[in-house]
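All remarks here apply to the structure that follows.
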Amino acid sequence: LRQKYIDAIAGAGDEATLEDIRVAAVGKKGEVALKMRELGKMTPEERQVQGPKLNALKDEINAALAAKKAALGDAALDERLKTEWLDVTLPGRARRQGTIHPVSQVTEEVTTIFADMGFSVAEGPQIESDWYNFDALNIPPDHPTRTEMDTFYMSTPEGDDRPPHVLRTHTSPVQIRAMEKLGAPIRVIAPGRVYRADYDQTHTPMFHQVEGLALGRDISMANLKWTLEEFCRAFFEVDEVELRFRASHFPFTEPSAEVDLRCSWEDGKLHVGEGDDWMEILGSGMVHPKVLSSAGVDPSKWQGFAFGIGIDRLAMLKYGIPDLRAFFDSDLRWLRHYGFSA
Ligand code: PHE
């Protein structure tokens with residue numbers, strides 16, 4: 001009996017087999033228990049001899065089972081260690097972090113600078129009604145600006161006679177929305193996406209502007225000039241800038257001016273405030289009285305300036321990025337190169 005079980009235990013290949021052996025040998029109804037029961041039929045002398053023998057056998061089998069179980073455990077662990085080893089001396093694998101897009105970065109910078117000058121942030125929808133994008137800004141239906149702006153029109157549902165909504169062609173409609181909501185006096189900027197059907201190295205069908213609007217009792221062109229100069233000094237991180245106000249025309253401002261920044265290009269880098277180049281960066285002017293009226297602001301009491309800056313243009317200038325189209329290609333190599341760490 002002893003040899004039978006000792007051999008069986010030695011030959012067991014896994015814990016389940018070992019458990020079967022245990023039940024058969026030393027379980028409640030196992031062979032050793034049966035033998036124990038037979039002790040009752042024996043003479044006291046026989047029992048004196050067989051009793052301890054059986055107990056010793058039981059102990060021996062239990063010990064063999066325990067030893068084998070431990071050995072099987074070790075073997076299983078060895079097996080796992082062989083396949084699942086880990087070299088803790090290997091250098092760690094660096095995880096790639098995402099970057100902040102130059103447009104987000106510049107929007108953040110611009111917002112901070114104007115916030116320091118007392119401008120809060122206003123918002124409006126990217127799908128805009130004909131009224132907010134055009135009419136309220138003194139651009140009547142037959143005005144050439146409508147075609148010049150390469151507008152994307154939304155389709156209109158059957159039976160809807162209203163003029164179609166558009167993808168806003170500029171952030172100027174937010175001027176109207178902000179005036180309706182906040183009235184005058186007011187100082188807001190409105191950064192956001194705008195859309196025009198245009199595509200080349202400096203134009204993409206979606207791009208970004210930041211609108212500015214300041215209304216008060218006597219806000220003038222002089223205030224506009226200082227505000228923009230102050231902005232450019234802070235944004236381009238230079239002590240002095242020179243801006244050139246070129247007379248221009250926008251239906252929603254009178255007078256209107258496009259503003260150029262004095263700069264030079266040396267070995268591919270932009271130098272602001274010096275040189276003989278002029279870079280157009282924005283459109284601006286005094287808000288047209290008709291625009292104030294459209295938004296419910298009394299033009300006999302309030303006046304002020306508005307401007308619209310191209311954010312992508314600013315990003316290209318400040319960070320020396322040559323092609324606007326690459327801004328929106330989602331090429332990871334480009335994003336790693338021009339992006340900012342969080
Ligand atoms: N909305 C004009 C544009 O997109 C810019 C502008 C804004 C001009 C505000 C004057 C005042 O070109």
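The values are calculated or read from the model by the stated rules, or taken from the named source; none is laboratory data. Owing to the predicted nature of the structure, the values given are computational and were not obtained by experimental measurement. We place every Cβ from the backbone using ideal geometry, glycine too, and count neighbours over all the protein chains shown.
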Can you run down the residue pairs with Cβ atoms below 6 Å, 6 or more apart or on separate chains, where the first is in segment 280-295 and under 20 Å from LYS181 (Cβ atoms) and the partner is within 13 Å of the ligand (Cβ to nearest atom) and part of a loop (DSSP other than H, G, I, E, B)? HIS288/ASN138; HIS288/PHE252; LYS290/ASN138; VAL291/ASN138; VAL291/PHE252
Filtering segment 3-49 down to residues that are among the β-branched types (Val, Ile, Thr) and within 29 Å of ASP74 (Cβ to Cβ) yields ILE6, ILE9, THR17, ILE21, VAL23, VAL26, VAL32
For segment 215-237 the number of residues that are of a type in the set (Ser, Thr, Tyr) and either touching a Gly at 6+ places or on another chain (Cβ under 8 Å) or assigned to a strand (DSSP E or B) (or both) is 1
Scanning for something within 14 Å of the ligand (Cβ to nearest atom), outside any strand (DSSP E or B) and within 20 Å of GLU148 (Cβ to Cβ), does segment 186-201 turn up at least one residue? yes
Residues that are within 10 Å of the ligand (Cβ to nearest atom): list the strands (runs of 3 or more DSSP E) wholly contained in segment 238-335 that include at least 2 such residues. 243-250, 253-266, 277-287, 303-310
Quick count over segment 150-177, residues being within 10 Å of the ligand (Cβ to nearest atom) and not β-branched (Val, Ile, Thr), is 5
Could you tell me whether any residue of segment 326-336 is surrounded by fewer than 19 Cβ atoms within 10 Å (Cβ to Cβ), among the polar types (S, T, N, Q), over 27 Å from GLY216 (Cα atoms) and modelled with pLDDT under 90? no
Out of GLY98, GLY51, report the one residue that is touching a residue at least 60 places away in the same chain (Cβ under 8 Å), surrounded by 10 or more Cβ atoms within 10 Å (Cβ to Cβ) and over 30 Å from ILE186 (Cα atoms). GLY98
Within segment 57-72, does at least one residue satisfy the condition of being surrounded by 11 or more Cβ atoms within 10 Å (Cβ to Cβ), at pLDDT 85 or above and not in a helix (DSSP H, G or I)? no
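Let's see how each residue does on (1) over 25 Å from THR204 (Cβ atoms); (2) crowded, with 17+ Cβ neighbours inside 10 Å:
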residue	(1), (2)
LEU90	yes, no
VAL110	no, yes
PHE119	yes, yes
ALA122	no, yes
PRO125	no, no
TRP131	yes, no
HIS143	no, no
THR151	no, yes
GLY159	yes, no
For the structure I just gave you, tell me whether THR147 is assigned to a helix (DSSP H, G or I) and within 16 Å of the ligand (Cβ to nearest atom). yes
Residues of segment 202-214 being assigned to a strand (DSSP E or B) and either surrounded by fewer than 15 Cβ atoms within 10 Å (Cβ to Cβ) or more than 14 Å from the ligand (Cβ to nearest atom) (or both), in sequence order, are HIS203, MET206
